[in-house]
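The values are calculated or read from the model by the stated rules, or taken from the named source; none is laboratory data. Owing to the predicted nature of the structure, the values given are computational and were not obtained by experimental measurement. Because the Cβ atoms are built from the backbone with ideal geometry, glycine has one as well, and the counts that use them run over all protein chains shown. What goes into the accessible areas is simple: the full protein's heavy atoms, side chains included, and nothing from ligands, DNA or RNA. Shrake-Rupley method; radii C 1.70, N 1.55, O 1.52, S 1.80 Å.
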Amino acid sequence: MNNRPPLVEPLSAPSLSAGWSNWFTQTFLCLPWKKAFNVTATLDFGAIAAQSQAGLTATVTGAVAGDCVEVTPLADVTGIVFAGVVTAANTVTVYAKNFSAGSVNPASQAYRIIVKQD
């Protein structure tokens, strides 16, 4: 089958053309993960000094060491980059890394955590 996106065909909801449907199916079949776990956790990091980081844990049932983790905050925090690592079975540590020149105190907010497994 042709795996190139059918750019000449309209991409419109609620239904996709056969070409677009095939392209999305083939693309998703090529993804490296077979299973994903998705949770939302409210985290409050407190003040994070310049050029340092803070970590908090969240429970993600099914997560194991070595899994890929994506972390997305509800709202952007200037100067902070968020990353996640499975640090124990069913436990993800979310790190808030402050790359700015001053202390930053992210507001308590919800974070979407997605753990992907092979």
(message) Quick check: Cα centre of region 35-53 to Cα centre of region 54-118, how many Å?
(response) 4
(request) For region 55-118, report the accessible area per residue in Å² (1.4 Å probe, heavy atoms, rounded to an integer). (result) 50
(request) Give the carbon-plus-sulfur fraction of the accessible surface of region 28-99 in %, rounded to a whole number; probe 1.4 Å, heavy atoms of protein chains only. (result) 58
(message) Please list, by residue number, every one of the chymotrypsin sites (Phe, Trp or Tyr not before Pro) in region 33-66 that is coil in DSSP and has at most 15 other beta-carbon atoms within 10 Å.
(response) Trp33
(message) Which chymotrypsin sites (Phe, Trp or Tyr not before Pro) in region 56-109 sit in a loop by DSSP (not H, G, I, E or B) and have at most 16 other Cβ atoms within 10 Å of their own Cβ?
(response) Phe99
(request) For region 30-103, state which trypsin sites (Lys or Arg not before Pro) are in a DSSP loop and have at most 10 other beta carbons lying within 10 Å of their beta carbon. (result) Lys34
(request) For region 106-118, take each phi angle, set θ = phi - 60°, evaluate the Karplus expression 6.51 cos²θ - 1.76 cosθ + 1.60, and give the result in whole Hz per residue in order, putting x for glycine and proline. (result) x, 5, 4, 7, 7, 10, 8, 10, 10, 10, 10, 10, 5
(request) Please list the equivalent ellipsoid semi-axes of region 18-118, computed as the square roots of five times the alpha-carbon gyration tensor eigenvalues, in descending order and whole angstrom. (result) 30, 16, 11
